[in-house]
Amino acid sequence: MCCRRMAGKSFRGFLLVLPVMLSVLSACAPIRGRTEAYSQSFFAMDTYMTFTVYDDNAEEARAALRQAQGELEALEALWSVTEQDSDIYAVNHSGGQTVTVDDQTAGLLSFALQMARKTGGALEPTLYPVLTAWGFTTDENRIPSADELSALLEKTGYDRVVTAGNRVTLPDGMMLDLGAVGKGYAGDLAGQCLKEQGIDSALLDIGGNIQAVGTKPDGSDWKLGLRSPFGEGIFGTLRISDQAVVTSGNYERYFIGEDGVRYGHIVDPETGYPVDNGLTSVTVVADEGKLCDALSTALFVMGPEGAVEYWKTHQEGQPFDMILVTEDREVYVTEQIKDRFNLQKEYRDMPVYPIALSDEQE
Ligand code: AMP
Ligand code: MG
């Protein structure tokens, strides 16, 4: 898989470029010995990606970068909703018949369904018909009527997707879209691909999702900039190593309706309407990009209280940290990472509150 290369295809069928949420502040970090930075940028899964590896062998570094890009492009070709030879297209147009998919698709789908269950359906991999009605999949935005939305919600429900190994059965009329998890999942595989080729220091920027392989070459943490939901630039920085950092926000992709209301691209699967709960961004930090990606979308749907409750009750097994930013310019940071987070000077007006496991510590 690591060596498969396919032509880049549109991930969801529209070419709006996601702005990069996390700018990398460490790309020019001091280097040890003859170690140098090698970067490669490309467009895949509807977004720009930049992979940077640090190595003392130029050929090895460039070959590793080519392999990792090939990996991403191969996954995109499997998961595209619009390309007719993708696995997801085959499932979505199967008319209710069972389809056999690639191992990677089966892995992603099974993870997405597991996270849908865990988040009580806040992450909903079958929301595509509703997203299409709002025009989020085509960029021809409109406000659907309440009747249209309730009819479309009938065509959603992760618990109606049947999987058995690589075999997937989706009821006729339903559609899968794994876009809310795919980039994080792909980042894990790309990072693994680099490690397998001897790279132990790399930073992958997957359209704003960051996947860090190891530490900076000098052994110190990577320092990432967190894009401000309130304008240009970054509002804070975060130090991490060998982890992923993924942000979901309603400022990344939205439209202003004729009613003057701003409609964001993350939709509440219960109502069919774009989320409007006081949050403007959720950043999740964890060992695996797929967990970060699934959770950043789901916690955004849950809202500030729901997200904090989920964090408090899900620290077993796959722990994660998070940074919540509200529309009122408040920042909430889980206690384990609060010393690694810093506000930028221009954003010092934003109060930062720790989120602690027990109320006494708050
Ligand atoms: P992300 O940027 O990872 O938060 O993913 C957001 C994208 O996932 C949106 O642009 C939609 O295509 C899709 N989406 C929106 N709401 C949901 C949801 N509640 N569950 C799953 N996917 C969603
Ligand atoms: Mg996501």
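Considering only Cα-Cα distances, which of the following residue pairs are longer than 23 Å: 183/338; 183/223; 312/338; 118/195?
Details: 183/338 26 Å; 183/223 21 Å; 312/338 16 Å; 118/195 30 Å.
Over 23 Å apart, Cα to Cα: 183/338; 118/195.
Give me the net charge of residue 93's neighbourhood, meaning all other residues with Cβ under 13 Å from the Cβ of residue 93; Lys, Arg count +1, Asp, Glu -1.
Details: positive: none; negative: 83, 85, 87, 172.
Net of charged neighbours comes to -4.
The range 238-273 to the range 91-136: how many Å between their Cα centroids?
19 Å
For the range 80-179, with only Lys/Arg (+1) and Asp/Glu (-1) charged at the beta-carbon, what is the dipole magnitude about the Cα centre, in debye rounded to 20?
Working: 6 positive and 14 negative charges, 81 e Å.
Dipole magnitude for the range 80-179 comes out near 380 debye.
Under 10 Å, Cα contacts only: if you run a Gaussian network model on the chain, which one of 186, 122, 58 comes out with the highest mean-square fluctuation?
Taking springs between Cα atoms under 10 Å, the residue moving most is 58.
Can you pull the one-decimal nm distance between simple spin-label points at residue 145 and residue 270, each 7 Å off the Cα toward Cβ?
Those two pseudo-labels are separated by 2.6 nm.
What length, rounded to one decimal in nm, is gained on full extension from residue 159 through to residue 34, with 0.36 nm per residue of separation minus their alpha-carbon distance? Write out the running numbers ahead of the final one.
Working: separation 125, 0.36 × 125 = 45.00 nm, distance 5.29 nm.
Length gained between residue 159 and residue 34: 39.7 nm.
At 1.4 Å probe radius, can you tell me the per residue accessible area of the chain in Å²?
42 Å²
At 222 nm, what value in deg cm²/dmol follows for the chain if DSSP H runs of at least 4 each add -39500 (n - 2.57) and the sum is divided by all its residues, to the nearest 500? Don't skip to the end; give the middle numbers.
Details: 7 runs with 101 residues, N = 362.
So the helix-based figure for the chain works out to -9000 deg cm²/dmol.
At 4 °C and 1.567 mPa s, what whole-number value in µm²/s does Stokes-Einstein give for the translational diffusion of the range 150-249, with Rh from the Kirkwood sum over Cα pairs? Could the numbers behind the result be given before it?
Details: Rh = 16.5 Å.
The diffusion coefficient I find is 79 µm²/s.
Under 10 Å, Cα contacts only: if you run a Gaussian network model on the chain, which one of 111, 300, 136 comes out with the highest mean-square fluctuation?
111
Evaluate 2.2 N^0.38 Å with N set to the residue count of the chain, then give the Cα radius of gyration divided by it.
Details: Rg = 20.0 Å, N = 362, 2.2 N^0.38 = 20.6 Å.
So the chain has a normalised radius of gyration of 0.97.
Residue 45's amide H: which non-local residues (gap 5+, or another chain) put their own amide H closer than 5 Å, with H modeled 1.01 Å from N in plane and none for Pro or chain starts?
Under 5 Å from the amide H of residue 45 lie the amide H atoms of 9, 11, each far enough along the sequence or on another chain.
Quick one: pull the percent of accessible area on the chain belonging to carbon and sulfur, 1.4 Å probe, ligands and nucleic acids left out.
Values: 6910 of 15040 Å².
On the chain, the fraction of accessible area on carbon and sulfur atoms equals 46 percent.
Kirkwood Rh over alpha-carbon pairs of the range 235-358, then Stokes-Einstein at 4 °C and 1.567 mPa s: what D in µm² s⁻¹, rounded to an integer?
On the way: Rh = 15.0 Å.
Diffusion coefficient, whole number: 86 µm²/s.
Take the Cα pairs of the range 80-179, get the Kirkwood Rh, then feed it into Stokes-Einstein at 20 °C and 1.002 mPa s and tell me D in µm²/s. Kindly include the intermediate steps, with their values, before the conclusion.
Details: Rh = 13.9 Å.
Result for D is 155 µm²/s.
Counting DSSP beta bridges in the chain, what percent are antiparallel, to the nearest 5?
Working: 57 of 61 bridges.
Roughly 95 percent of the beta bridges in the chain run antiparallel, per DSSP.
For residue 97 and residue 230 in the same chain, what is the full-extension length gain: residue separation times 0.36 nm, less their Cα-Cα distance, in nm?
Values: separation 133, 0.36 × 133 = 47.88 nm, distance 4.62 nm.
Between residue 97 and residue 230, full extension yields 43.3 nm more.
Pull up all non-local amide H partners of residue 281: gap of 5 or more, or a different chain, and H-to-H distance under 5 Å with H placed in the peptide plane.
HN-HN under 5 Å from residue 281: 325.
The values are calculated or read from the model by the stated rules, or taken from the named source; none is laboratory data. No experiment lies behind these values; they were computed from the predicted model shown. As a convention, Cβ positions derive from the backbone with ideal geometry for all residues, glycine included, and neighbour counts pool all protein chains shown. For the accessible areas, the whole protein counts, side chains as well, though only heavy atoms, and no ligand, DNA or RNA atoms are used. Shrake-Rupley method; radii C 1.70, N 1.55, O 1.52, S 1.80 Å.
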